[in-house]
Amino acid sequence: MPGVILITDTHRFCMWKAHRVCCFQKRGDTMKRILLAIVMTVTTLVFSGCGHHHHAWYVRDAADRVKAADWSKMETITVSMTDYAFNPPSVVFRQGVPYKLVIENKGSQKHYFTAENFFRAIATRKLQSNIDGEVKAPYFSAIEVYPGRSLDLYFIPVKTGSYPLICTIEGHEGMGMKGVIRIE
């Protein structure tokens, strides 16, 4: 099979697949059948969105949840980052309640608030700096905060669970900069 062929017409693709499978079976060439199976699997994953759409792992109806929330009943929780700890090291959020999470850096160097699975379990409204502005994005993987600064994350917890929290700067987690976030 020389090169890769992308066929956009479904009927031609099925005819091509049937012809190639038939040819492979006539030849009895096991390696070609295995290669075809691999190509078909990868093609299925790519076209179904399983190979590269990381946003599919996040809350799909986040915008609707954020719009429907009563932000006047929002609760505020603060997590301080120091050199080399999160304070408090464990935070609990209630599912469906709007929150403002204040992430402040009281350390002498920048730190990351990295909780990728937690970010996948919330409906994000925005990330705001009271000095520099705000970012409205459907999801994050990490939040970097410079020394003496803070950022406010507005969100609604959706998926219950326990999620690890770490600072991803080299060596910081090993020095104790880790914690747990729970959604109940």
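The values are calculated or read from the model by the stated rules, or taken from the named source; none is laboratory data. Quick caveat, the model's predicted, so the values are computed rather than measured. Here Cβ is always computed from backbone atoms with ideal geometry, including for glycine, and neighbour counts include all displayed protein chains.
Here is a yes/no grid of residues against (1) part of a strand (DSSP E or B); (2) of a type in the set (Ser, Thr, Tyr):
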{"residue": "Tyr139", "(1), (2)": "no, yes"}
{"residue": "Gly148", "(1), (2)": "no, no"}
{"residue": "Ser162", "(1), (2)": "yes, yes"}
{"residue": "His172", "(1), (2)": "no, no"}
> Quick check: is even one residue across region 132-147 in contact with an Asp or Glu (Cβ under 6 Å, 6 or more places away or on another chain), of a type outside the set (Lys, Arg), under 30 Å from Arg60 (Cβ atoms) and surrounded by 17 or more Cβ atoms within 10 Å (Cβ to Cβ)?
Replying inline: no
> When residues of region 83-122 are filtered for being in a strand (DSSP E or B) and in contact with a strand residue (DSSP E or B) (Cβ under 7 Å, 6 or more places away or on another chain), how many remain?
Replying inline: 18
> Any idea which of Lys106, Lys136 is charged (D, E, K, R), at pLDDT 95 or above and on the phi < 0 side of the Ramachandran plot?
Replying inline: Lys106
>> I'd like to check something: does region 44-54 contain any residue that is within 23 Å of the chain's Cα centre (by Cα) and either within 21 Å of Gly161 (Cα to Cα) or modelled with pLDDT of 50 or more (or both)?
In response: yes
> within 20 Å of Val66 (Cβ to Cβ) and without any contact (Cβ under 8 Å) to a residue 40 or more places away in the chain - does that describe any residue in region 139-156?
Replying inline: yes
